[in-house]
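As structure tokens, the structure follows; a few thoughts come after it.
The values are calculated or read from the model by the stated rules, or taken from the named source; none is laboratory data. Please read all numbers here as calculations on a predicted model, not as lab measurements. Every residue, glycine among them, receives a Cβ derived from its backbone with ideal geometry; neighbour counts consider all protein chains shown. Side chains are part of the model used for accessible areas, which takes the heavy atoms of the whole protein and leaves out ligands, DNA and RNA. Shrake-Rupley method; radii C 1.70, N 1.55, O 1.52, S 1.80 Å.
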Amino acid sequence: MAKRFSLQETLDYVFDSNDEDVQDTASEDTSETDEAPETGDNQEQDQYPIGTDEETTDEEDADGEQDTYMSKNGSICWTSSPPPAKHSQTALQMRPGITRYACSHAEDIKSTFELFLTEEIQSIVLRMTNVEGRRVYANEWTDLDLADIQAYIGVVILAGVYRSNNENMESLWHPDSGRAIFGAVMPLKTFRKISRVIRFDDKQTRIARRANDKLAAIRVMWNKWVEQLPLMFNPGPHVTVDECLVPFRGRCPFKQYIPSKPAKYGIKIWAACDSQTSYAWQMQVYTGKSVSGQPEKNQGMRVVLDVTKGLWGHTIFCDNFFTSHALSQELLKRKMTMVGTIRRNKPELPPALLATKDRARFSSMFAFTETQCLVSYCPKKRKNVLLLSTLHRDTSVSSRDDKKPQIILDYNKSKGGVDNLDKMVATYTCKRKTARWPLVLFHNMLDVSGVNAHVLWSEISPEWHAGKSCRRRLFLEELGKALVAPLMEKRQHFPRTPASLCFLKKAKRSLEVENEASTSHQPSNPKEEVEVLPLFP
């Protein structure tokens, strides 16, 4: 028998059913439009590989979600998709290229070189060499002047140009097999005497200074030389920071062993170079542990911040010895970005990007924070390369067969600034065999000054020997001849060998002709205005 309902019960039943239907419909609409359904209790901690395409995955298209990765130390949360762009790269504060000061003081090749090896630096060498010469040779020593020091520097530069830096000195001055210019500049005996006594500090007070400074034997001159480097040239937007190794196997309190370098043993120098021209903008000698013997912490970060001091708006390229999360944040505070490889043991990296077991060849995984981009690229099975960048903000991948990310392409393009400087220095180096490490550093200063001077001269006179592939060799050869010319001009005792004598007479005649031409073209009015080259024509 069917149950009977009263009128009130029937009305209550009808209105309650309608309310439930409205609530269910509202909840369905909300779940479809405003909030994605949860797939698990710990969804935020699940780690999935990120695709290499610029397009979002199907899951992201449907639900708008992104994967998150926690770093090994649990302090940084990385995401699979880039955050909204909140900042743009800061514009360069300095205009790239030769500075106004260098442009106004570089009149010829010799004066361009002397922008780095200044008259003050040459005076230090002259004064300390004369002090040591009087101590060693006593009354047999005749004091040198600046022409003698310049001639000595010119001779070692010419020996490097002719690839004779490792050749025995008797062979260089040999009347038949040697080159006539060496005998025309100075006798072999004089060159040997200067090579023996050349000094860069006062040897009598060196012991006291060396107690607090391992570089005491050349510190004053080195600092004055390094101060000149950033004054002559402004680097472009890309700057490379890396290490140089000056070959040396003698006794040195801070000699380093680097098996990856061709020389393996030598003096390590931190360098910041313009990535395009390899101009050495800043250099710093690594002297090992401090006098107290305590090892240095965060050395890579300290070096990059030191050698890039004064830059603004540049991008720093460095290898995995320097790259870290802390360094990238410090550079951003200085309005600079960074691109560099990073070591796998860094605690700021997420484990998801380190795994290579199930990764396909040429695949890339990206992770982002508010200011950083991390990429893990697999060039081969079970092998990946990690790069950290504060310059890139997307997951762009090249269309090449190897599908390299744009971060890696940009890094490979700009990472070789310091290595190219090493290559150019080694090609025409003036370094000679010696057991004294200060002389090794002095030779390296000459080599680097030659490279920097050539960069400046190429901007001042781009038409000079245009189109020739040996412009730097011609530049160094003319530089060496210009440095030895003053001593050849005033030399009174002629060389014995016919070849050197003939060379000296020709050089004297050419110098006389140049002097006459220069005096005849001098303006009659001393106040006549002289045209100055603009900084950026």
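Of note:
- Positions within the range 241-268 being assigned to a strand (DSSP E or B), in contact with a Lys or Arg (Cβ under 6 Å, 6 or more places away or on another chain), of a type outside the set (A, V, I, L, M, F, W, C) and in contact (Cβ under 8 Å) with a residue 24 or more places away in the chain, in sequence order: E243, Q256
- Within the range 209-221, the set of residues being more than 22 Å from G293 (Cβ to Cβ) and open to solvent by 10 Å² or more (accessible area, probe 1.4 Å) comprises V220 only.
- Restricting attention to the range 147-192, the residues that are without any contact (Cβ under 8 Å) to a residue 60 or more places away in the chain, farther than 27 Å from I124 by Cα and of a type in the set (K, R) add up to 1.
- Residue-level check: of (1) under 30 Å from I153 (Cβ atoms); (2) of a type in the set (V, I, T); (3) modelled with pLDDT under 95, T395 misses just (1).
Here's the yes/no breakdown for (1) within 24 Å of V440 (Cβ to Cβ); (2) touching a strand residue (DSSP E or B) at 6+ places or on another chain (Cβ under 8 Å):
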position	(1), (2)
Y286	yes, yes
K297	no, no
R302	no, no
W312	no, no
I316	no, yes
V339	no, yes
L353	no, yes
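- A single member of T356, T369, T341 is within 20 Å of S80 (Cα to Cα), of a type outside the set (A, V, I, L, M, F, W, C) and modelled with pLDDT of 95 or more, and it is T341.
- Reported count of residues in the range 269-300, each being closer than 21 Å to S324 by Cβ, open to solvent by 40 Å² or more (accessible area, probe 1.4 Å) and either β-branched (V, I, T) or not in a loop (DSSP other than H, G, I, E, B) (or both), is 1.
- For the range 461-486, the set of residues classified as without any contact (Cβ under 8 Å) to a residue 24 or more places away in the chain and charged (D, E, K, R) consists of E463, K468, R471, listed by residue number.
- Per this entry, L446 is counted among residues that are closer than 23 Å to C244 by Cβ, open to solvent by less than 20 Å² (accessible area, probe 1.4 Å) and modelled with pLDDT of 95 or more.
- Counting only residues that are assigned to a loop (DSSP other than H, G, I, E, B), on the phi < 0 side of the Ramachandran plot and open to solvent by 20 Å² or more (accessible area, probe 1.4 Å), the range 370-391 holds 4 of them.
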